[in-house]
Structure formats: structure tokens, C-alpha cells
Protein chains: 2
Amino acid sequence: MKITAVEAIPYRIPYVRPFGFASGEVRVADNVLVRIVTDEGTVGHAEAVARPYTYGESQVSIVAAARDWFGPALMGADPFARERIQAVLGRTAGNHTVRGAIDVALWDILGRALGQPCHALLGGYTTSMRVAHMVGFGTPESAVEEALAVRHRHGVTAFKVKVGRSPWRVDVDTCRALRAALGPDADLYLDANRGWTAEEAVAAVTAMADLGLTLVEEPCPADGVLARRWVVEQLSLPVVGDESCTRPGEVARQLLDRSCTAVSIKVARTGFTESLRILGLCEGLGAAVVMGNQVDGMLGTLASVTFGAAFRSTSARPGELSNFVAMADDLLTEPLEISDGLLKVRERPGLGADIDDDKLDHYRIDR
Amino acid sequence: MKITAVEAIPYRIPYVRPFGFASGEVRVADNVLVRIVTDEGTVGHAEAVARPYTYGESQVSIVAAARDWFGPALMGADPFARERIQAVLGRTAGNHTVRGAIDVALWDILGRALGQPCHALLGGYTTSMRVAHMVGFGTPESAVEEALAVRHRHGVTAFKVKVGRSPWRVDVDTCRALRAALGPDADLYLDANRGWTAEEAVAAVTAMADLGLTLVEEPCPADGVLARRWVVEQLSLPVVGDESCTRPGEVARQLLDRSCTAVSIKVARTGFTESLRILGLCEGLGAAVVMGNQVDGMLGTLASVTFGAAFRSTSARPGELSNFVAMADDLLTEPLEISDGLLKVRERPGLGADIDDDKLDHYRIDR
């Protein structure tokens, strides 16, 4: 089997409500559908999301990278030769989400070619994950309203709260209101997206010591090396590295440096192949992992749950799998559904999702 | 004074001969001229170079970033408010060379507005730098031929040799031939661009212990964290971090980790403003610095010597300032000249260079 085309189709779907956090805001899904075609007719799909504040990629750069670099370099390659393909992708720095999407689309092809769902090819640990919903910036009242609505509609009882604001007491008030509204059994954890200083992070998390939080992600900039280590020493919660852990070398360095003690694995940036490496590194070093979300649409979310459900350690905690519920529409012929707080993998070859051609025609912006 | 336009003009000038190294090859300067215009008529220029294997940028992504992100964000800003402008630029990850070029173009404006050369505004330590010429991949004979030609033509007696090949004895043969041809007084140092494994790096550099080398840059991938530390422990030369030290946080982490003991400062990626921060960090931590070259054209090289000559520590070693000699043409009204092994700064406001409009019209590829 040989790759005969790598297509990158930009599309645009609005969000029903904007999603705000310390490093940026998402109002529209300016995403790119990556489609890889083979000479045997098997086609794989994945989704790339432009996150300039995290990776420096734009919709324009994603399309150009697929068209000018990766497409030509992969022409004629065997999709099963993943290690060779990784070597080709790895010659280019950055461009995390387009490289991740190419890898996931190739796994979609592998699963389809073998007649196996990807979650089984990867590890087959379980077939669903508990969902953690991200609560974006707002007032205590709006946060509670959103969390209760998602719990009511989807049965979700785990929430990641976006914090990192100044003054940090705004964040504390929000978390306190959420704990009060959701009761003692809800999973609650924090993501500051580097928005706090080191001192603010320690003060804020300490002020929430009674709230039973489970994790705090990127409390302050990891590039403030000694300050970040001090935060990790001070806090009695695992500190999750996300933006600071975008490739295996960074994961190793941050864990060895004690800049974090847990790691967010995002299929959107490391695909399946490199995420496998990161998983091995984290398990070997004793770092907890959490399946993160790059504010993905349905296809990206399906890729995340496919990877997360395949392994014991990635499915041990709720995965961040619900950002798509805020999108006005999506591209799949059969939408994803979260119910009883769970998202299931698909028991069909590959990722198990097909693209609705009419919707793609409607939302694509390259024609 | 207010910024009224940020233009990014892609252009294409061939190299007379290709320049090869472990992480890539340059055959054509697919660069971008960044031009910033102000309401008072003062205009600044700088050059951005696409280096996908180092930063993931393309000519397309550089133009799009300036047009879609940085141009709109800087409209109306005061060029003197460098700290505010840095905050704006810093909201976007990656995109190093376009951000660096915007900063240098702003300094060009400051110098012109104040009637002062930038080297004086920055520090004014000296007015020229010794030039180190980079010798790309080739045979021992071709390397010697190139080095002797550059010595004959420009008086250059410092050479950085591109290594990192397999088998590493090819590199040793080349370095040995260069030392024999250039005599004991030439400065010789190495850049492996992460091409060797850790074991190869230690073996190769040890095999050259008698050659009087001064530095070895990126001997192996810094992302192999423990292996790289082992290399730094083993070698008795300073190990220069370059690709692994692209922003202040990375510089701090690599130095504190002992992943390198010296740092390449490249104006092409950190402009003047962020390079000042890196310089302070390196001096404070006791790390040697070397002025690196991103395979710059004349405008980028002039920016490098302007920064390098301004400070004692950056001018203490030869700077990598001669890649432009391999370009078939360039954009400046008055070409740079290296003579007696020295490149001088310009004693005119700003960087002291003007763009030849006819040449720009000829080489630009956006019309």
C-alpha cells in the first residue's frame, strides 16, 4: 500500500459560545481536515487545529506544510512504515498539530486496511473514557451554570477549570462556587495555562487546599525555570506539564528538572505514534498522565478517546473530551455523543468515523 | 511616532553553491524582507529566513504571520515601547525569525529616528568583529579549497566546520586537512547540528583532541537529555547550544541542566531585544557566547555584527558573518565587504543599510 495524496482542507465552523483561557480564546474552529489517500483506495482522516499561542501554527501554515513539505515527502510511502514516516516528519521542527494529524490519519488507514479499530491496534484496554469538561473563563455564576448544564445533559462529573487570572481570588471564587454546586464527589482540577506568576500560583492553590482538587496544570511559565521548580516543590498536588511538554525530549527534561510531575498527552500534537513514546516515558519515570484536549472538534476528540481508552494509565483519569459540544456543527456523518459522563470509542475499522461530504463542502474555505 | 504598516515581502535569490549541514541544506535564499513604516516617514528593514528544520517556519508562514497577526497587532504602536511590543510578539509561540526580524526593523527605526547607529544605541563596545566562516559539507579537499579561498579573498582566519556525519571519521579527516592547510594559528571549531549520536560525538571530538579546536556546537540532540549531559561532561571543550537555545527560557534550562556550557546568540531568531536578555543571562551564569548565523543574507549579517560589536562578550570571539558571500546577489544598495578578516558596523543611523528598490523588484516573488 502506498500513499498517493496528502490533502489539507481548511474549514471554519463557529463556536456557539467563545471559550476563553489564560493564553488565548477560541471563537471559531479554524481547523484543517487532513485526508491521506492510498493507491488501494483506503483513505484516512484527522483534524489539525491552529493554536498560535501554543505552537505558533496558523491555518495557513498547516495547509502550506502539508502541501509543500509533508505531502511531497510522503508520496509513495508505505503507511505501515511508521518509523520511517516519523523520521520524515521529524526533519521539520514545530508544526506539531499538522504532524500529529498526519500520523492519526495514517493510523486511520492502518485500521481500515486491517479491518480493526485503532483502539484495539493500540492497546485495547477499555472501550470508553470518563469525560472531564473544561470550564472556560467567566464568573462564578456562569461557571456553575455551565458545569451543571453539562452534568445534566451529558452526565459529566469531572471538570477542569481554567484559571490563571489576576487577581487570583477571582479564580478561587469560581472554584469554590463549583465545589459548592457540584458536591464533594465531582472531580475538579485546574489549568492556569501559565497565566499566574509563581507566587500567585502558590498563593492561589494554597487558598484552595480545602477544595479537594486533583491536579494543577501549567500553573506558571515553565520558562521561568527556577520559579517553576519552586512551585512544584511547594504544592502538594501533581503539577501537569502541557504546553511545556510538546515532544518527548521536552517531557523528559521537564520531568527530570522537576518542572512538572505529571504530563498532558495530546494526540492533537503528538499523534498516536509519538504519544506512545511519551506514554512509555511517563510510565517509566512514574509520572501520571491525563488525556488533554487542544479544543478539538469531533474527529480530534475521537482520536483522543481512541488513544486514551487503549491504555490503563491514560484511561485511569477522566479525559478532556467535551470541547466539541460548544461547536455549532461538525463534519462527521454520525456525531459523537457523551452520555452518563462517558465517551465511547468506535468498534469499527480505523477511528470509525466518516466525513459528511456535504458538510465539508459547506464549511471548507478553500473554494 | 506610530507604526502604520508592517510589510513582509518574500524574495528569492540563488546561492552560488549549496550549503550543506547535518540538519539541512540551503540552495536558494527564500527569505522575507520585513519593512516597518511609521507615520513620521521613518522606515525600518530586517530580513527573516525560513529554517523549517530548526524553527518550523516557511516563507509562507512568515508572510502570513506578519500579515495576519503581527501587523494588525502592532498598528499604531510606538516603536520606542519595545517592552510592550515584546509582550505582543510573545503572545504567539514559535515564529522565531519573523519575530526577530520585526524587532530588528524596529531598532532600525529607532536608530534612524534618533540619528544614531544601532551599535552605539546597544552598547558601542567596538566597531567591527572578526569573521568566522562556515565550511559546509564536502570532501577534505573541497573544504580546504573553500577555506583557503575565503582566507585569500577576505583575510578570514577563523572557521566553523560543519560536522555530524556518519561515519564520523569523514569529519575528522576534513578537520585534520583544514588544520594542516590553515596552520596552527587559525581558529577552528565544530558544529554538528545534532547529527552525531552521543557516542559518536565523544569519539569524534576525542579523536580530534590534538587539533586545537575551540568549541563544539550541538554535538548531538539536546532532546536526548541524559545522553547530552554525558557528552558535556566528557568533552573538554565548551559545548555550544544553538537550536536547543532559541529563547531565554531554553537558554536557562540548557545551561542549568549542563546540556551546554556556551550559547549561540542569533539576532535572526531573537532580534536585538530578546538577544539582550539572553546576553545578560549568559554573562550572569558564566557561559561563553558566540554570534551565530542563520545562513543570513547581507541585511541579517549586518544586524548580527551590529549587535555583536556592541558588547564585550559577543565580540570576544569571531562571529559567524560570512554566509552571504555565497549568495548570487543581495538587496542592499551598498554591499557588505569583509576585508582583513573583519566586518565593520555602519556608522550611520539605524543599521545603516538601504534597500535597492530595483533589486527588490527583481527578486520579490509576490508580484
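Please go through (1) of a type in the set (Ser, Thr, Tyr); (2) in contact with a Ser or Thr (Cβ under 8 Å, 6 or more places away or on another chain); (3) over 25 Å from residue A:235 (Cα atoms) for residue A:315 and return the number of the only condition it doesn't satisfy.
Residue A:315 satisfies every listed condition except (3).
In the stretch A:296-313, what residues are surrounded by fewer than 24 Cβ atoms within 10 Å (Cβ to Cβ) and not in a helix (DSSP H, G or I)?
Across the stretch A:296-313, the qualifying residues are A:297, A:311, A:312, A:313.
Does any residue of the stretch A:225-236 turn out to be in contact with a strand residue (DSSP E or B) (Cβ under 9 Å, 6 or more places away or on another chain), assigned to a loop (DSSP other than H, G, I, E, B), in the same structural domain as residue A:320 (by TED's automatic domain parsing) and more than 30 Å from residue A:33 (Cα to Cα)? Break it down into steps so the answer makes sense when it comes.
Taking the stretch A:225-236 first, the residues in contact with a strand residue (DSSP E or B) (Cβ under 9 Å, 6 or more places away or on another chain) are A:228, A:231-232, A:235.
Of the ones still in play, those that are also assigned to a loop (DSSP other than H, G, I, E, B) are A:235.
Of the ones still in play, those that are also in the same structural domain as residue A:320 (by TED's automatic domain parsing) are A:235.
Right, trim to more than 30 Å from residue A:33 (Cα to Cα) and you get A:235.
Yes - at least one qualifying residue is present in the stretch A:225-236.
Run down B:123, B:136 and say which single residue is farther than 30 Å from residue B:180 by Cβ and away from chain A (no Cβ under 13 Å).
B:123 is the lone residue from the list that is farther than 30 Å from residue B:180 by Cβ and away from chain A (no Cβ under 13 Å).
May I ask you to list the residues in the stretch A:92-143 that are part of a loop (DSSP other than H, G, I, E, B), farther than 30 Å from residue A:186 by Cβ and more than 17 Å from the chain's Cα centre (by Cα)?
A:92, A:93, A:115, A:116
Considering only the stretch A:132-172, how many residues are among the acidic types (Asp, Glu), surrounded by 15 or more Cβ atoms within 10 Å (Cβ to Cβ) and farther than 29 Å from residue A:308 by Cβ?
Here the count works out to 0.
Condition check: away from every other protein chain (no Cβ under 14 Å), part of a strand (DSSP E or B) and either without any contact (Cβ under 8 Å) to a residue 40 or more places away in the chain or closer than 20 Å to residue B:91 by Cα (or both). Does residue A:6 satisfy that?
no
Return the residue satisfying two criteria in turn: it lies in the stretch A:218-271 and is among the β-branched types (Val, Ile, Thr) and free of Cβ contacts under 8 Å to residues at least 40 places away in the same chain, and of such residues it is surrounded by the fewest Cβ atoms within 10 Å (Cβ to Cβ).
Initial filter on the stretch A:218-271 (among the β-branched types (Val, Ile, Thr)): A:225, A:231-232, A:239-240, A:246, A:251, A:261, A:263, A:265, A:267, A:270.
With the extra rule that they be free of Cβ contacts under 8 Å to residues at least 40 places away in the same chain, the set shrinks to A:225, A:231-232, A:239, A:251, A:261, A:263.
Working: A:225: 21, A:231: 24, A:232: 23, A:239: 26, A:251: 28, A:261: 19, A:263: 27.
Among residues in the stretch A:218-271 that are among the β-branched types (Val, Ile, Thr) and free of Cβ contacts under 8 Å to residues at least 40 places away in the same chain, the one surrounded by the fewest Cβ atoms within 10 Å (Cβ to Cβ) is A:261.
So residue B:41 fits all but one of (1) in contact (Cβ under 8 Å) with a residue 12 or more places away in the chain; (2) more than 24 Å from residue A:97 (Cα to Cα); what number is the exception?
Single failed check for residue B:41: (1).
Identify all residues within the stretch A:272-292 that are assigned to a helix (DSSP H, G or I), of a type outside the set (Asp, Glu) and either without any contact (Cβ under 8 Å) to a residue 60 or more places away in the chain or under 26 Å from residue A:206 (Cα atoms) (or both); write none if there are none. Reasoning before the result, please.
So the first thing to find is which residues in the stretch A:272-292 are assigned to a helix (DSSP H, G or I), and the list is A:273-285.
Now narrow it down to the ones that are of a type outside the set (Asp, Glu): A:273, A:275-282, A:284-285.
Once the filter is applied, which keeps residues that are assigned to a helix (DSSP H, G or I), of a type outside the set (Asp, Glu) and either without any contact (Cβ under 8 Å) to a residue 60 or more places away in the chain or under 26 Å from residue A:206 (Cα atoms) (or both), the stretch A:272-292 yields A:275, A:277, A:278, A:279, A:280, A:281, A:282, A:284, A:285.
Tell me, yes or no, whether the stretch A:60-69 has at least one residue that is surrounded by fewer than 22 Cβ atoms within 10 Å (Cβ to Cβ), in contact with a Lys or Arg (Cβ under 7 Å, 6 or more places away or on another chain) and more than 16 Å from residue B:55 (Cβ to Cβ).
no
Working only within the stretch A:34-59, note down all residues that are within 30 Å of residue B:69 (Cα to Cα) and surrounded by fewer than 21 Cβ atoms within 10 Å (Cβ to Cβ).
Within the stretch A:34-59, A:35, A:52, A:53 meet the criteria.
Residue B:125 - would you say it is aromatic (Phe, Trp, Tyr), out of contact with any helix residue (DSSP H, G or I) (no Cβ under 6 Å at 6 or more places or on another chain) and modelled with pLDDT under 95?
In short, no.
Taking helices (runs of 4 or more DSSP H) that do not extend beyond the stretch B:30-91, which have at least 3 residues that are away from chain A (no Cβ under 12 Å)?
The qualifying helices (runs of 4 or more DSSP H) are B:71-74, B:82-89.
With the checklist (1) closer than 21 Å to residue A:274 by Cβ; (2) at pLDDT 95 or above; (3) over 17 Å from the mean Cα position of the chain (by Cα) in hand, flag the one item residue A:82 doesn't pass.
All conditions are met except number (2).
If I go through the stretch A:327-341 residue by residue, how many of them are over 17 Å from residue A:296 (Cα atoms) and crowded, with 19+ Cβ neighbours inside 10 Å?
Matching residues across the stretch A:327-341 total 1.
The values are calculated or read from the model by the stated rules, or taken from the named source; none is laboratory data. In this text the structure is predicted, and so the values were computed from the model without any measurement. With ideal geometry, Cβ positions are generated from the backbone for all residues, glycine too; neighbour counts draw on all protein chains shown.
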